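Everything below concerns the one structure shown next.
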Amino acid sequence: MSRPFTLFTGQWADLPFEEVCRLASSWGYDGLEIATWGDHFEVDRALSEDGYLAGRREMLKKYGLACWAISCHLVGQAVCDHPIDERHQGILPARIWGDGSPEGVRQRAAAEVKDTARAAAEFGVETVIGFTGSSIWHTVAMFPPVPESMIARGYADFAERWNPILDVFDAQGVRFAHEVHPSEIAYDFWTAHRALEAVGHRSAFGLNFDPSHFVWQDLDPVAFLGEFADRIYHVDCKEARKRLDGRNGRLGSHLPWGDPRRGWDFVSAGRGNVPWEDVFRMLNSIGYDGPISVEWEDAGMDRLAGAPQALAYLRQFDFDPPSASFDAAFSSGG
């Protein structure tokens, strides 16, 4: 279908932005999904420093690349999260962490996501990808027993914190694509429905589709595309592979990525359990014509090999739907 293929720069933020541009271009990518960490896209500089955005545009142009989406996953995580702790300090800019007071962190994170919408609009990008965080994810095991009122407060908290953010997105003509992902307010079919209901199904709030998170939860990623067809604002291609052998558990056992005792792991696209051809056929069916972004994560494979291989693997499925039904040729026309 000739969709643009992009590389998500989040897992490459240890490299200078120009080096990521050079690598992506040399591998045949059409553009980047640019992360707002490392030196790749600094929101505060984008809004305050003359020439910053022009410099980013020139860098992309130099390597024949474009940008259709910006990621604010890390800052977005802190908007709703409870608790706020040293994990967040490790992923947030110092100016957002501040003194570490939880509510202060949440408020500064929310302001930064609003500024990301403003910076995206100035950059000519209409989609921001990210996480929302969740004040109730820590209750997922449902013990100690969790009253429904507590879950309801979690979705109310999400709406209270994100509706003012989405007001800015509306004003800027930018959409937020929430990545459906464990640890977020929406992590499966039913929580995605509930999150959309919480914000009144407003058009500024849609979904980033990443099938890797459906695989290890034993959910159907293709059915998800069909069910939320009008809310698929962006697609990330990340892969997962299960090894649920009776000892390796679905919850990961607090083991690091790549440990053979894990019940599942992220792997390079084409090396796991995502039914990619079915995914792309459904993307055709729902009329998704936006970018296909390769999010490369594989603890057992070098990224310099994995990223170009993933691109080559996925491109084979980006075929056009037919212009006429195959059985039309059987008709006599009489």
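The values are calculated or read from the model by the stated rules, or taken from the named source; none is laboratory data. Fair warning: this is a prediction, and the values are worked out from it, not measured in the lab. Glycine gets a Cβ as well: all are built from the backbone with ideal geometry, and neighbour counts include every protein chain shown. The area values use the complete protein model at the heavy-atom level, side chains included, leaving out ligands, DNA and RNA. Shrake-Rupley method; radii C 1.70, N 1.55, O 1.52, S 1.80 Å.
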Evaluate the following for SER134: is it hydroxyl-bearing (Ser, Thr, Tyr), on the phi < 0 side of the Ramachandran plot and either modelled with pLDDT under 95 or surrounded by fewer than 14 Cβ atoms within 10 Å (Cβ to Cβ) (or both)?
no
Going by the conditions given, is SER149 at pLDDT 95 or above and in a loop (DSSP other than H, G, I, E, B)?
no
ASP157, sole failed condition from (1) over 21 Å from HIS88 (Cβ atoms); (2) out of contact with any Leu (no Cβ under 8 Å at 6 or more places or on another chain); (3) of a type in the set (Asp, Glu):
(1)
Restricting to strands (runs of 3 or more DSSP E) lying wholly in the range 232-334: which have 1 or more residues that are in contact with a Cys (Cβ under 8 Å, 6 or more places away or on another chain) and open to solvent by less than 50 Å² (accessible area, probe 1.4 Å)?
292-294
Exactly one of (1) of a type outside the set (Gly, Ala, Ser); (2) over 18 Å from LEU47 (Cα atoms); (3) exposed (fewer than 13 other Cβ atoms within 10 Å of the Cβ) is unmet by THR139. Its number?
(3)
I'd like the full set of residues that are of a type in the set (Gly, Ala, Ser) and at pLDDT below 95, limited to the range 304-334.
SER323, ALA324, SER325, ALA328, ALA329, SER331, SER332, GLY333, GLY334
Of all the residues that make up the range 1-38, how many are at pLDDT 95 or above, in a loop (DSSP other than H, G, I, E, B) and either open to solvent by less than 60 Å² (accessible area, probe 1.4 Å) or among the polar types (S, T, N, Q) (or both)?
10
Residue list for the range 161-181, filter: open to solvent by less than 10 Å² (accessible area, probe 1.4 Å) and touching a residue at least 40 places away in the same chain (Cβ under 8 Å):
TRP162, ILE165, PHE169, VAL174, PHE176, ALA177, HIS178, GLU179, VAL180
Hey, GLU42 free of Cβ contacts under 8 Å to residues at least 40 places away in the same chain, under 30 Å from ARG106 (Cα atoms) and within 22 Å of the chain's Cα centre (by Cα) or not:
yes
